[in-house]
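Engineer: Let me begin by handing over the structure; questions about it come next.
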Amino acid sequence: MTQVSKKLEQVTVLFAGDSGDGIQLTGTQFTTNTALYGNDLSTFPDFPAEIRAPLGTIAGVSGFQIHFGSVDVYTPGDRCDVLVVMNAAALKKNLSRLKERGTIILNTSGFDKRNLRLAGIEEGQNPLLNHSLEGFKVHEFDITKLTRECLKESSLGTKDRDRCKNMFVLGFVYWMYNRKLDSSIDFLKTKFASKPEILEANVTVLKAGYHFADTCETFSNRFEVKPTKMPTGSYRNIIGNQATALGLIAAAHKSKLDLFYGGYPITPASDILHELAKHKNFGIKTFQAEDEIAGICSAIGASYGGDLAVTASSGPGIALKGEALGLALMLEIPLVIVNVQRGGPSTGLPTKTEQSDLLQAVYGRNGEAPIPVIAAASPSDCFTMAYEACRIAIEHMTPVFLLTDGYIANGAEPWKYPNSSDLADIKQSFTKERTEESGAYLPYKRDEKLVREWAIPGTKGVEHRLGGLEKDKESGNVSYEPENHEYMVKIRAEKVDRIADFIPKQELDSGSEKSKLLVLGWGSTYGAIKTVVKELAIEGVDVAHAHIKYIQPMPKNLGEILANFELILIPEMNNGQLIKLIRDQYLVDAKPLNKIKGVPFEAREIKAGILNMLKQ
Amino acid sequence: MAEAKDIQEEVQKLTAKDFVSDQDIRWCPGCGDYSILKQVQSVMPELGIPKEDIVFISGIGCSSRFPYYMNTFGMHSIHGRATAIASGLRAARPDLSVWLITGDGDSLSIGGNHLIHLLRRNFNLNILLFNNQIYGLTKGQYSPTSELGKKTKSTPMGSIDHPFNPLALCMGAESTFVARALDREPKHLRNILMRAEQHQGTSLVEIYQNCNIFNDGAFGGFTDKQTKKENSLYLEHGQPLVFGAKEDKGVILDGFEPRIVDLTNGEFAKEDLWIHDEKCRNKANILTRFFDDPSNEGALPRPFGIFYQEERFRYEEALNEQLDTVKELKGVPDLDKLLAGSNTWEVE
């Protein structure tokens, strides 16, 4: 059957089902395929904190949203065009996220009595029967039955057969968007290399889903979202945590240091450890410590020994590392601390996203303890900023905080990956051996950047003692001298301030300095702000956007930029943190726009905030 | 080779003085720490290790000032975490000789978790645990090794904390070298320090150390001339467990129960006694339980020396072996390949 393809500019698909339905796998497979097809894209996986949340319930629903287009895509999309649901709970939870007249693809076997009850849908309110879905384009099939049907020859048990049903859905959606199956078949071949029966079953069902879509005459046409016109280059798909890990590896490779990672598993940061552990051929030492404190302390030990040392965690874990952060700062040794932020306080919302650890990173230590803080704006930007964190740590002999969050850490996008030769050099050198004639070694003597030397054990003639007690300004010996302490506090602050000379100047991401309003963002709100500002420009509303990636110290010209605007709006996924720093440092009357719901901003929410501010 | 020879010659020339730093020592006069410091400084030249390859790491507490007084590399870190820092250092630098200085509060209270994990991982380093059964630096509160009922500023009615038996704890944590020494027995201490450095793995040496300000005489039973021989049992591999001022008492193992026997009445001879075997985990476990209050009638003597020693793989070696294996398997790392991953596309 030949069908015409209907061309679409952009589409948002939300896959949703029970956490055991393989939704995340379906989503990531569709993402890889979409990326290879050449679309720009952005994803948002959303899953319960429980590994096996109660089956069939709303709490157990796992979702994966992907927004792709022939145009530039910066967010996973506000509301979706297509909602794929495997059971009643998934529909109930996500129906409000579907656009009017949107498409629903639905597995009817997930709407039996039991599933309806588990989803908390009252008897007689079955959405398949009560006309509540009128107004949507609903395509319903018994996917479970169809899957069993095509595996009736298979020797697998019912449970294993049923687990293939996500492949049916994937095949079905591939057909809808005119895709080839190769990338997923290759993936399955690798994943199930040692389990030929499961491999065969999955491939069979994947193909069956594809052919079923073709022959069932559900759609009068297929859809095509043409490849995006992206800048020339080589691309791959990348997930935020993976990008962070690659950035760390690249920095170690370029600086010719061994990479040491000490950490304790925590959601949503663990994938950094997993990714690093995969690439041990790069000489990466990963150390799963007994707790968060040992994670950072082992990294301090490794850095003291001359490795590029890193620890990563999320809010509660970072809180535990606080004292050790102070030690690293006193020792003035390189250390990278990644905080993949999640909803807080306390255990908070482990699998949900938030930007609420900014002030913790900037201020969260005893004493006057300035540590540079930088933040990534998107999944692929995690690479750039992880690399930057290492560069600053090594070149300025300081611990450095890198902030990402659950949203970009788990989200994916196409990445024009760099050539290793194009990466910035990282200047690194250990102190050389000294003879007695050269006099006493002064470990806290500083260069013009106020940076001391990295004098590692094993270096003859530079034996010295470090510690957390206040140090004499040159010898590093313990000093309780009042003048010395004040001097050291100021010099440690000045050292961090001077990093501003070695970071890029702030630029406007879009809009001009003549605009009335500036949207000032940081971190993962980048995509949503970018989308809105572009949209508004088309609608004739002139708004500027600047995104801060270097937060402590801030770019030297930020104050000048801010001075150009009458209105400044700061959207954050917290109760107002960057805004405190901006008001404090620049005395500007910036206004907050806050969302603290564990989910990222939708573009329309920011748009409303901007329009509201312009109206006043 | 010539270079190696030079280093060797230079190392041979080192004396205890070369390990004395230029810092004034700030321990209280009469503190047991002085004696330990002196023994450590005098043992160092005998190790045959260049000074720059030696690192002392400590936590917080009186004993943890130690690194400042050693003219080697050193770090006075934070409370309880020297163990974790030293682990990271060994993982990064298996070429260094790492010495960890800690106290009963530092390692058994605030740093208890890191201590047990370090022991099971068996990083090759030496832990000197200065046990004075009191918090000195915070001016005299009870510690996790203080005896039950101890009256201190924080326990005016007496402590109701059952104390740790540190060596039994270390055995339970899969330690591969467990020893006990005393600040007042310098020669014995030196021998133990040498053995600790020779042991490939985590060497745990508990050192009874007198705090003459807040807990004076805590170990008097084992150090006072009149009582020490009656209360102490010096362990030697392959030798029978004999003690007493006149070497007139021994210990036999009666089933699982250690029993003190009289060597003077002809019933038992030295050959009948428990022969110390450092390699025997079961016996070492029982030995660490020789923990009676020496003032009690019929108390078992407190053992000093090496309780247990076992050869077991070191974490840092296994770590590096894994890296070598994967390097062999995957070949020279190619950063560009890694950045590209397995699925790429070109935009023209």
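No value in this document is a laboratory result; all are computed from the given coordinates. Keep in mind that what you see is a predicted model, and the values were worked out from it rather than measured. Heads up, the Cβs are rebuilt from the backbone with ideal geometry, glycines too, and the neighbour counts pull from every protein chain shown.
Engineer: With a 10 Å radius around each residue's Cβ, average the other Cβ atoms per peptide and rank B:141-147, B:241-247, A:369-375, A:304-310, highest first. Walk me through the intermediate numbers first.
Structural biologist: On the way: B:141-147: 21.9, B:241-247: 16.9, A:369-375: 23.7, A:304-310: 29.6.
The densest-packed peptide leads the list: A:304-310, A:369-375, B:141-147, B:241-247.
Engineer: Going by Cα centres, the stretch A:443-482 and the stretch A:202-225 are how many Å apart?
Structural biologist: Computed from Cα coordinates, the inter-centre distance equals 68 Å.
Engineer: If Lys and Arg each add +1 and Asp and Glu each add -1, what is the summed charge of the other residues whose beta carbon sits under 9 Å from the beta carbon of B:T223?
Structural biologist: On the way: positive: B:R184, B:K225, B:K228; negative: B:D183, B:E185, B:D224.
Counting the neighbours of B:T223, the net charge comes to 0.
Engineer: When you look at the Cβ of every residue in A:233-240, what mean number of other chain Cβ atoms sits within 10 Å? Each step should come with its number before you reach the end.
Structural biologist: Numbers: counts 4, 7, 6, 7, 4, 2, 0, 0.
The per-residue average across the peptide is 4.
Engineer: Starting from the Cα gyration tensor of the stretch B:156-236, take the square roots of the eigenvalues, sort them a ≥ b ≥ c, and report rounded, prolate or oblate (rounded when a/c is under 1.5, otherwise prolate if a/b is larger than b/c, else oblate). Walk me through the numbers on the way to the answer.
Structural biologist: Numbers: a/c = 2.10, a/b = 1.26, b/c = 1.67.
It is oblate, given that a/c is not under 1.5 and a/b is not larger than b/c.
Engineer: Report the one residue of A:L8, A:Q65, A:A119 whose Cα lies farthest in the direction of the positive end of the charge dipole of the stretch A:5-224 (charges on C-beta: Lys and Arg +1, Asp and Glu -1; origin at the Cα centre).
Structural biologist: Projecting each Cα onto the dipole axis, the largest value belongs to A:A119.
Engineer: Among A:K165, B:K327, which comes first, then next, by fewest other beta-carbon atoms within 10 Å? Spell out each step's value before the answer.
Structural biologist: Values: A:K165 26, B:K327 15.
Listed from fewest to most nearby Cβ atoms, that is B:K327, A:K165.
Engineer: Then there is this: Name the residue from A:L273, A:P418, A:N366 whose Cα lies farthest towards the positive end of the charge dipole of the stretch A:239-422, charges +1 on Cβ of Lys and Arg and -1 on Cβ of Asp and Glu.
Structural biologist: Working it through, the farthest residue towards the positive pole turns out to be A:P418.
Engineer: Okay, moving on. Using only Cα atoms, what is the ratio of the radius of gyration of the stretch A:8-63 to 2.2 N^0.38 Å?
Structural biologist: Ratio of Rg to 2.2 N^0.38 Å for the stretch A:8-63: 1.27.
Engineer: Continuing with the same structure: Using +1 on the beta carbon of Lys and Arg, -1 on that of Asp and Glu, and nothing else charged, what's the dipole of chain B about the Cα centre, debye to 20? Walk me through the numbers on the way to the answer.
Structural biologist: Values: 38 positive and 49 negative charges, 199 e Å.
Result for chain B is approximately 960 debye, rounded to the nearest 20.
Engineer: Length gain on complete extension for the stretch A:K615 to A:V588, per 0.36 nm per residue less the alpha carbon to alpha carbon distance? Working shown, then result.
Structural biologist: Numbers: separation 27, 0.36 × 27 = 9.72 nm, distance 1.97 nm.
Contour length minus the Cα-Cα distance gives 7.8 nm.
Engineer: Once chain A is represented by equal point scatterers at the alpha-carbon sites, with solvent omitted, what log10 I(q)/I(0) does the Debye formula produce at q = 0.07, 0.08 Å⁻¹?
Structural biologist: Log-scaled intensity ratios, in q order: -0.49, -0.62.
Engineer: Restricting to the protein assembly as shown, what percent of DSSP beta bridges are antiparallel, rounded to 5?
Structural biologist: Working: 47 of 132 bridges.
Bridges in the protein assembly as shown that DSSP calls antiparallel: roughly 35 percent.
Engineer: Which FRET efficiency, nearest 0.05, do B:I260 and B:Q239 yield, Cβ-Cβ r, R0 22 Å? Walk me through the numbers on the way to the answer.
Structural biologist: On the way: r = 17 Å, r/R0 = 0.76.
That pair, B:I260 with B:Q239, gives E of 0.85.
Engineer: If you plug each phi of the stretch A:311-323 into the Karplus form 6.51 cos²θ - 1.76 cosθ + 1.60 with θ = phi - 60°, what whole-Hz ³J(HN,Hα) values come out, in order, with x for Gly and Pro?
Structural biologist: 9, 9, 6, 10, x, x, x, 5, 4, 5, 7, x, 5
Engineer: So, one more: When ranked by the protection proxy of mean other Cβ atoms within 10 Å per residue, highest first, what sequence do the peptides B:19-27, A:320-328 form?
Structural biologist: Numbers: B:19-27: 14.8, A:320-328: 22.1.
The packing order, highest mean first, is A:320-328, B:19-27.
Engineer: When you count, for each residue, the other Cβ atoms within 10 Å and take the mean per peptide, how do A:199-210, B:150-161 rank with the highest first? Can you show the working numbers first?
Structural biologist: Details: A:199-210: 22.0, B:150-161: 13.3.
Descending packing order for the listed peptides: A:199-210, B:150-161.
Engineer: Around A:L308, what is the net charge, scoring Lys/Arg as +1 and Asp/Glu as -1 over all other residues with Cβ under 14 Å from its Cβ? Provide the component values of the computation, followed by the final result.
Structural biologist: On the way: positive: A:K254, A:K256, A:K285, A:R391, A:K427, B:R93; negative: A:D258, A:D307, A:E388, A:E395.
Net charge in that neighbourhood comes out at +2.
Engineer: Around A:G367, under 12 Å between beta carbons, what's the net of Lys plus Arg minus Asp minus Glu among the other residues? Intermediate values should be presented prior to the final figure.
Structural biologist: Values: positive: A:R365, A:R492; negative: A:E323, A:E368, A:E470.
Once positives and negatives cancel, what remains is -1.
Engineer: Over what distance in Å are the Cα centres of the stretch A:524-587 and the stretch B:106-146 separated?
Structural biologist: 50
Engineer: May I ask what percent, to the nearest 5, of DSSP beta bridges between residues of the stretch A:239-422 are antiparallel? Present the calculation step by step, with values, prior to reporting the outcome.
Structural biologist: Values: 2 of 23 bridges.
Beta bridges within the stretch A:239-422, antiparallel portion: roughly 10 percent.
Engineer: Only four residue types carry charge here, +1 at the Cβ of Lys and Arg and -1 at the Cβ of Asp and Glu. Report the dipole size of the stretch A:239-422 about the Cα centre in Debye, rounded to the nearest 20. Intermediate values should be presented prior to the final figure.
Structural biologist: Details: 11 positive and 18 negative charges, 63 e Å.
Approximately 300 debye in magnitude.
Engineer: Write down the percent of antiparallel bridges among all DSSP beta bridges whose residues are both part of the stretch A:508-615, to the nearest 5. Walk me through the numbers before you get to the answer.
Structural biologist: On the way: 2 of 15 bridges.
Taking every DSSP beta bridge with both residues in the stretch A:508-615, the antiparallel ones total about 15 percent.
Engineer: For chain B, just say rounded, prolate or oblate: build the C-alpha gyration tensor, square-root its eigenvalues into a ≥ b ≥ c, call rounded for a/c under 1.5, and beyond that prolate if a/b exceeds b/c, oblate if not. Display every interim value, and only then the final one.
Structural biologist: Details: a/c = 1.79, a/b = 1.63, b/c = 1.10.
Because a/c hits 1.5 or more and a/b exceeds b/c, chain B counts as prolate.
Engineer: Another question about this same structure. If you place +1 on the Cβ of every Lys and Arg and -1 on the Cβ of every Asp and Glu, how big does the dipole about the Cα centre of the stretch B:297-348 come out, in debye to the nearest 20?
Structural biologist: Working: 6 positive and 12 negative charges, 60 e Å.
It works out to roughly 280 debye.
Engineer: Report, as an integer, the average count of C-beta atoms from other chains found within 10 Å of each Cβ along A:301-314.
Structural biologist: Partner-chain Cβ atoms within 10 Å, mean over residues of A:301-314: 5.
Engineer: Same structure again: Shape verdict for the stretch B:24-177, please, from the Cα gyration tensor: rounded (a/c under 1.5), prolate (a/b greater than b/c) or oblate.
Structural biologist: Oblate is the answer for the stretch B:24-177, as a/c is 1.5 or above yet b/c matches or exceeds a/b.
Engineer: When the Cα centres of the stretch A:287-355 and the stretch A:499-514 are compared, how far apart do they sit, in Å?
Structural biologist: 29
Engineer: Hey, how much of the P(r) for the stretch A:239-422 falls beyond 23 Å, as a percent of Cα pairs?
Structural biologist: Working: 5202 of 16836 pairs.
In whole percent, the long-distance tail amounts to 31.
Engineer: Hey, another quick one. Find which of A:V519, A:I318, A:I337 sits farthest along the positive direction of the dipole of the protein assembly as shown, computed with +1 on the beta-carbon of Lys and Arg, -1 on that of Asp and Glu, about the Cα centre.
Structural biologist: Looking along the dipole axis, the top candidate is A:V519.
Engineer: Per-residue mean of other chain beta-carbon atoms within 10 angstrom of the beta-carbon, peptide B:324-331? Display every interim value, and only then the final one.
Structural biologist: Values: counts 3, 2, 7, 4, 1, 2, 4, 1.
Mean inter-chain Cβ contacts per residue within 10 Å come to 3.
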